[in-house]
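Below: the structure, in structure tokens.
Any read-out appearing in this document is the output of simple, stated calculations on the displayed coordinates, not a laboratory observation. The model shown is predicted, which means the values in this text are computed figures rather than measured ones. Cβ sites come from the backbone with ideal geometry, for glycine too, and all protein chains shown count toward neighbours.
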Amino acid sequence: METLRERLAAVRDRMARAAERSRRDPADILLLAVTKVFPADVIREAYDLGLREFGENYVREFEGKAPAVAGLAGARFHLIGHLQSNKSKKAAELFQTIQTVDSGKLARRLNEAGTPLDVMLEVKLSHEEAKSGAAAADLPELIAAVRSCAHLNLLGLMTMPPWSDDPEAARPIFGALRELAAQHGLRGLSMGMSHDLETAIEEGSTCVRVGTALFGKRKKP
Ligand SMILES: *Cc1c(COP(=O)(O)O)cnc(C)c1O
């Protein structure tokens, strides 16, 4: 069994090669370590290896782990799972970035928490019923809503394509997200996971969200 150190080196290597192929600076691509379902010890272990940005999916789950990671200087936590507006206050306390803002109502609720918060807008670019995210057509209104929120700093767009084991399957979706961001003058693009991070980087990703390739298979939450 490989160690986390070895898996991290392999992921960084994959990222560097994809960046090189697409003539991009690897420093422009954030590796977000997705630690959902794993205990706080795993976050600490990853931190000790130099990782600083962590992704979590569930407010309640991270609330339980947060005290154990509160002392990690410079660590930043991103919410990458769907957020219900009734949990927005708690989420604004626990996270530095909310990647899954998908309504004006949610933006306003996060803003009411009164703490500075980086946000990304989750966009739904497939027709799969279960996926959350705003429709591309609703983006102008949503962007205006977020920009009117004094405490929210809009970084860019995020998307989660339908699952496929073919890393090429998401390429058109990644490309569409890049074009949408360009249309709206946004720089950040959170896209790509363990199995398709190369495709995402080739399509312009500035943040790959990697769980399995670093920490191994997850048990169901
Ligand atoms: C779980 C999750 C990931 C990580 O997926 P892996 O395939 O384990 O790398 C990335 N993004 C989101 C939104 C997730 O829920």
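Some points to look at:
- Calculated SAXS-style log₁₀ I(q)/I(0) at q = 0.23 Å⁻¹ - the range 107-221, Debye, Cα scatterers: -1.28
- Among Ser164, Thr115, Thr35 - extreme Cα towards positive end, dipole of the chain, charges at beta-carbon: Thr115
- Pairs of Lys residues in the chain are counted when their Cα atoms are under 14 angstrom apart and they lie 8 or more places apart or on different chains; the count is 7.
- Taken along its three principal axes, the alpha carbon spread of the range 19-90 comes to 42, 29, 20 Å, from the longest extent down to the shortest.
- In a fully extended conformation the segment linking Asn153 and Arg60 would gain 31.1 nm over its present Cα-Cα distance, using 0.36 nm per residue.
- In the chain, helical runs assigned H by DSSP with n ≥ 4 each contribute -39500 (n - 2.57); averaged across all residues and rounded to the nearest 500, the mean residue ellipticity at 222 nm is -11000 deg cm²/dmol.
- The orientation-averaged shadow of the Cα convex hull for the range 1-139, equal to a quarter of the hull surface, comes to 10.4 nm².
- One decimal place: the segment Glu20-Glu6 gains 2.9 nm when fully extended, by the rule 0.36 nm per residue minus the C-alpha distance.
- In a simple Cβ point-charge model (Lys, Arg +1; Asp, Glu -1; nothing else charged), the range 4-215 has a dipole of about 520 debye relative to its Cα centre.
- Projected over every direction and averaged, the convex hull enclosing the alpha-carbon atoms of the range 10-58 yields 3.9 nm².
- Separation between Cα centres of the range 131-160 and the range 1-61, rounded to whole Å: 25
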